[in-house]
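The values are calculated or read from the model by the stated rules, or taken from the named source; none is laboratory data. These numbers were taken from a predicted model, which means no experiment stands behind them. Counting neighbours? That spans all protein chains shown, and the Cβs are built from the backbone with ideal geometry, glycine included.
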Amino acid sequence: MTKKLNFHIITLFPKVFDDYTRESIIGRAKQKKKISISFYNPRDYTADKHKRVDRKPYGGGPGMVLEAIPILSAAKKAVGRKKGVKVIFLTPSGKQFTNTHARKWARQYKDIVLISGHYEGVDARVKKALKAEEISVGPYILTGGEIPAMIIVDSVTRQLPGVLGNVSSLEEKRVSSSDVYTRPEEIVYKKKKYRVPKVLFSGDHKKVEEWRRKFTK
């Protein structure tokens, strides 16, 4: 039986994911039941009557910090007593996410929890209690963890068997190029002609591969 990978995303803004997760490869993977994506809003797991989940940081400083208990309660709801769950704490200070992570997680886990922080961040006791791995999608700061979560869902999903129609569609498994062309052979823009490189019409696969490799170094 083919394994189904379940993504559990903890976020204050689940609607941000609506369109992206319905379309293209991710949407088809859901339809084929290769993956499932569930959302858990910390506001639904707080005892505060106003659904407040953020407080000022101890020790002072700017901004607000997301409380630990609502997020821990959301994580408990997501996976309960399941074993071997991968918990990812999205933070700019984490390890750089790569295709190596994506391949490993797609192969090794059935449940992945993604904690999408916001404001000044999440109470550090969350990552300690859940034994979460700190992951960053790049050396820059974003408003929240929603976009990083989408990046990871996309990258991991395409590593699952049967998600992509052709295994050669995995760019890391073929000689690809940052320069690609399609019809027509010639276009004109602002009175200047732009043509497809002749080597791509040569029929010489070795020369074509050599040409492509120039753009992958």
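Every residue, every condition in (1) at positive phi; (2) hydrophobic (A, V, I, L, M, F, W, C), yes or no:
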| position | (1), (2) |
| --- | --- |
| Lys51 | yes, no |
| Lys56 | no, no |
| Leu66 | no, yes |
| Ser73 | no, no |
| Ala78 | no, yes |
| Lys82 | no, no |
Hey, does region 48-57 have a residue that's assigned by TED's automatic domain parsing to the domain that holds Gly162 and within 22 Å of the chain's Cα centre (by Cα)?
no
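Which members of region 74-107 meet the condition of being free of Cβ contacts under 8 Å to residues at least 24 places away in the same chain and either under 16 Å from Leu160 (Cα atoms) or touching a strand residue (DSSP E or B) at 6+ places or on another chain (Cβ under 9 Å) (or both)? If you could, list the steps in order and put the result at the bottom.
Taking region 74-107 and keeping what is free of Cβ contacts under 8 Å to residues at least 24 places away in the same chain, we get 76, 80-81, 83, 98, 100, 104.
The answer is Thr98, Thr100, Lys104.
What do you reckon, is Ala132 within 14 Å of the chain's Cα centre (by Cα), modelled with pLDDT of 95 or more and within 22 Å of Ile151 (Cβ to Cβ)?
It is false that Ala132 is within 14 Å of the chain's Cα centre (by Cα), modelled with pLDDT of 95 or more and within 22 Å of Ile151 (Cβ to Cβ).
Just name the residue that is surrounded by the most Cβ atoms within 10 Å (Cβ to Cβ) out of those in region 172-187 that are at pLDDT below 90 and out of contact with any helix residue (DSSP H, G or I) (no Cβ under 9 Å at 6 or more places or on another chain).
Applying the filter and picking the extreme gives Val180.
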Go through region 137-158 residue by residue and tally those that are outside any helix (DSSP H, G or I) and surrounded by fewer than 23 Cβ atoms within 10 Å (Cβ to Cβ).
9
When you scan region 8-27, do you find a residue that is crowded, with 18+ Cβ neighbours inside 10 Å, touching a residue at least 24 places away in the same chain (Cβ under 8 Å) and touching a His at 6+ places or on another chain (Cβ under 9 Å), even just one?
yes
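Matching residues to (1) surrounded by fewer than 18 Cβ atoms within 10 Å (Cβ to Cβ); (2) of a type in the set (D, E, K, R):
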| residue | (1), (2) |
| --- | --- |
| Asp123 | no, yes |
| Val126 | no, no |
| Lys131 | yes, yes |
| Glu134 | yes, yes |
| Leu160 | no, no |
